[in-house]
Structures are given as C-alpha cells and as structure tokens.
Amino acid sequence: MSFNRPPLRVLEIHPGPVALVSGLVGPSICAVESQPQSIRRLQRDGVDVTTGRWPDQRPDGRFDLVVAAGLLSSFSEHEIRETLAQELAALLAPEGQVLALEQGHRQGGRAIVALRAGLLRASVLPIAPCPHQLQCPLSERRRKGCSVPTSDSVDELDIGFDQRVDELSF
C-alpha cells in the first residue's frame, strides 16, 4: 500500500456514531453498523452504511483499509486466528491493510497477536506492531514487552513475568 496518497476505499467495522477515519480520508468511507442512532449520524456525515452486524452483513467491494476498533474483544484467540482474520482479509483490495485497535491490556495484546498470525496466513503482510513475517516473539514465550529478539542478545524483556500483575503493550 502506498502512503503517498490517502486510501481509496475505507471500511470501518462498527464505528459507533463517528467514523474514526472520516476526517482524515474524505468521502470514500463505508461502515457496517447495527445501532440506529449511530447509523443516522454516520449517514448524515456522508458515510455509506451497511446496516447490521459484521461479519453477517458485509458491504460490496474491496477496501484499501479496514478499520476495526474494539472488534476483537468479543472473540476467542482461536476464532480471531482461524476465522476472523480470514474474514477481514477477504475484504481487502490488493495491498490493502487492516488497522485493528484494542485496549492495551493482556487480552487486547493477545487478540492482536492472534489477528497478526491469522492475517499472515492469509498473506496480509503486517506493517505494525511487528513489521516482519516471523512468528511474533510474544507468542513464543512469555515476555514483558514487544521486541524482536536476536540470537546474540538477551534483554530485560526476556526475564519471566508474573501474569497477575504484568501487562503486554505495543
């Protein structure tokens, strides 16, 4: 995806009353939304709304950018990796990207790791949080933070952590 121009088509899944990207990329925004008040507000703002719950309801076409904020929290890691990632990838135009935003706690971090793994299987290359195609280091062993380990270094992040108090962040 070229970042020299705004995306041509953007889909935001369940944005609520305001599409996050509406002020950034202009009028080529679509959304899937089920709440009547949110639908009315989005339509007033020029967003093309498909009414219903995703993934049951889908807009036509492919998208350069699919935005999913807070979507992953209602799915298991297995569902995210095996099903949801494939569903999101099917919405993308060639070289399209998914922007997933989740809360910065352990569950949100694990959801992002699961989505990344599923998208890689669907040949969607990540640009963040890990801009490589290797398995996420966080899924290999318990770590306090996110970094790509090298064979000749051990850092403080490789020290074991206490699941009751430590958090994952990206």
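Here is how the numbers come out for the structure above:
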{"read-out": "Interchain or long-range residues, amide H under 5 Å from Gly52's placed H", "value": "Glu33, Ser34"}
{"read-out": "Positive minus negative residues near Arg81 (Lys, Arg vs Asp, Glu; Cβ under 14 Å)", "value": "-1"}
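Every number in this text was worked out from the coordinates using simple rules, so none of it is lab data. Here the structure is a predicted model, which means the values were calculated and not measured. As a convention, Cβ positions derive from the backbone with ideal geometry for all residues, glycine included, and neighbour counts pool all protein chains shown.
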